[in-house]
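Worksheet: the structure to be examined is printed underneath.
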């Protein structure tokens, strides 16, 4: 499969989300969507990232930009994660990892010499026409949400 890049059509998805709702890209057609992929609910980096996006959500909302986070955790795990940290972003559950694979973020990782499959923290800025405007891979959390907001406002 070819790697997605700016200008590629963003793969659609329809997945279970927090609060019992389904989360799909097509439901937000015509809007700018920030889709951020993260490895695991309630871990330090993932919590910091989701909290940062939540903190900036009023600015994203004012510009009509939709925020969706996605990980392989269950929808039930997402519910606990949102409640514990008062998160205000949609969370999608991709336990089958089909969307993670479609976006090229389900990758081989290595820790302490051990190789395993996991989510590469990545963010995709999807334009109202459904194409990808910008991609951030191997995201470092500090300042990332602000950088994405700035780029999203410029689209």
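The values are calculated or read from the model by the stated rules, or taken from the named source; none is laboratory data. Keep in mind it's a predicted model, so treat the numbers as computed, not measured. In this analysis, Cβ positions are derived from the backbone assuming ideal geometry, glycine residues included, and neighbour counts consider all displayed protein chains.
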Scan of region 15-63 for residues that are out of contact with any strand residue (DSSP E or B) (no Cβ under 7 Å at 6 or more places or on another chain) and over 19 Å from residue 83 (Cβ atoms), ordered by number: 26, 27, 29, 30, 45, 56, 58, 59, 61, 62, 63
Residue tally, condition surrounded by 15 or more Cβ atoms within 10 Å (Cβ to Cβ), in contact with a helix residue (DSSP H, G or I) (Cβ under 7 Å, 6 or more places away or on another chain) and part of a loop (DSSP other than H, G, I, E, B), over region 9-55: 6
Counted residues, region 73-88 - those being surrounded by fewer than 21 Cβ atoms within 10 Å (Cβ to Cβ), in contact with a strand residue (DSSP E or B) (Cβ under 7 Å, 6 or more places away or on another chain) and not in a helix (DSSP H, G or I): 1
When residues of region 56-72 are limited to those that are in contact with a helix residue (DSSP H, G or I) (Cβ under 7 Å, 6 or more places away or on another chain) and assigned to a loop (DSSP other than H, G, I, E, B), the one farthest from residue 155 (Cα to Cα): 72
Test result for residue 70, touching a strand residue (DSSP E or B) at 6+ places or on another chain (Cβ under 8 Å) and either surrounded by 18 or more Cβ atoms within 10 Å (Cβ to Cβ) or without any contact (Cβ under 8 Å) to a residue 12 or more places away in the chain (or both): yes
Pair list, Cβ < 6 Å and 6+ apart or interchain, from region 1-30 residues that are within 15 Å of residue 77 (Cβ to Cβ) to residues that are at pLDDT 95 or above and in a loop (DSSP other than H, G, I, E, B): 15/94
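Across region 127-143, which residue is surrounded by the most Cβ atoms within 10 Å (Cβ to Cβ) among those that are in contact with a strand residue (DSSP E or B) (Cβ under 7 Å, 6 or more places away or on another chain) and farther than 17 Å from residue 101 by Cα?
Filtering region 127-143 down to residues in contact with a strand residue (DSSP E or B) (Cβ under 7 Å, 6 or more places away or on another chain) leaves 127-128, 130-137, 139.
From the residues that got through so far, the ones that are farther than 17 Å from residue 101 by Cα too are 127-128, 130-131, 133-134, 139.
Numbers: 127: 17, 128: 15, 130: 17, 131: 12, 133: 20, 134: 18, 139: 18.
Per the stated criteria, the residue is 133.
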Tabulated pairs, region 117-140, first free of Cβ contacts under 8 Å to residues at least 60 places away in the same chain, second buried (at least 18 other Cβ atoms within 10 Å of the Cβ) and assigned to a strand (DSSP E or B), C-beta under 7 angstrom, 6+ apart or interchain: 117/106; 136/122; 136/123; 137/122
Every residue from region 90-114 that is over 27 Å from residue 14 (Cβ atoms) and either assigned to a loop (DSSP other than H, G, I, E, B) or at pLDDT 95 or above (or both): 112, 113
